[in-house]
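Take a look at the structure set out below.
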Amino acid sequence: MSIQTIARRYAAALADVVIDRGEAKEIQQELQQWADLILTNANLEEVFRNPTIPLDKKRAVLKQLIERAKPQQTTANFLKVLLHNQRLTELPEINRKFAEILDQRAGMVAATVTTARPVPDEIQARLSEKLVSVTQKKVRLNFEQDPELIGGLVTRIGSTIYDGSVRSQLQQIKERMTG
């Protein structure tokens, strides 16, 4: 079974619980902090990933971390379930799927807009309105910069890419000219 499938199952189960309890946003933020902690601490990741380290020792490490961080009970319980099922090191992917599922259930899509230069606020607002009309959903925009685009923009919504960059247009001209 692929990590994406596993992550989706854990994320969907967690979403069912936190939406019912009204704690989705808080749990999402806490899980992101835990995912960042695991990703940025190689020793910690190794402890949880290494199959030769007994589960009891891993539980003790997680228990100490939970006591220090004092997350909500739902977060602590979820982390314990992941540890018990040997999935704690997959928390970053589970958290990504969790965010996607929460967005889907809220009728929202995430869009990443890449431009060569910073985008003024009024253009961001117009772009947001346009994407809402195209997707018929609420849109959460994330802006990135890539000077290699030269100009224009590239918008990614899920697996759909709208490429209106100068770089892409120049590439198309080049291809037409070379046959």
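The values are calculated or read from the model by the stated rules, or taken from the named source; none is laboratory data. For clarity, every value in this text was computed on a predicted model and none was experimentally measured. We place every Cβ from the backbone using ideal geometry, glycine too, and count neighbours over all the protein chains shown.
Among the residues making up the stretch 79-102, those that are surrounded by fewer than 16 Cβ atoms within 10 Å (Cβ to Cβ) and either in the same structural domain as Thr160 (by TED's automatic domain parsing) or among the polar types (S, T, N, Q) (or both) are Asn85, Gln86.
A quick yes/no check of all residues on (1) touching a His at 6+ places or on another chain (Cβ under 8 Å); (2) over 30 Å from Val47 (Cα atoms); (3) free of Cβ contacts under 8 Å to residues at least 24 places away in the same chain; (4) outside any strand (DSSP E or B):
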position: Asn77; (1), (2), (3), (4): no, no, yes, yes
position: Glu93; (1), (2), (3), (4): no, no, no, yes
position: Phe98; (1), (2), (3), (4): no, no, no, yes
position: Gln124; (1), (2), (3), (4): no, yes, yes, yes
position: Lys130; (1), (2), (3), (4): no, yes, yes, yes
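Looking across the stretch 103-156, the residues that are surrounded by fewer than 16 Cβ atoms within 10 Å (Cβ to Cβ), within 27 Å of Gln29 (Cα to Cα), of a type in the set (Lys, Arg) and out of contact with any Gly (no Cβ under 8 Å at 6 or more places or on another chain) come down to Arg105, Arg140. Against the test of being touching a residue at least 24 places away in the same chain (Cβ under 8 Å) and either crowded, with 16+ Cβ neighbours inside 10 Å or charged (D, E, K, R) (or both), the options Leu62, Leu44, Leu39, Leu55 yield a single qualifying residue, Leu62.
For Pro118, the requirement of being assigned by TED's automatic domain parsing to the domain that holds Gly164 and free of Cβ contacts under 8 Å to residues at least 40 places away in the same chain is met.
The rows are residues; the columns are (1) assigned to a helix (DSSP H, G or I); (2) at pLDDT below 95.
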{"residue": "Ile19", "(1), (2)": "yes, yes"}
{"residue": "Ile27", "(1), (2)": "yes, no"}
{"residue": "Leu37", "(1), (2)": "yes, yes"}
{"residue": "Glu45", "(1), (2)": "yes, yes"}
{"residue": "Pro51", "(1), (2)": "no, yes"}
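Could you check Glu144 against (1) among the acidic types (Asp, Glu); (2) assigned to a helix (DSSP H, G or I); (3) outside the structural domain of Glu45 (by TED's automatic domain parsing) and say which number it fails? All conditions pass for Glu144, except number (2).
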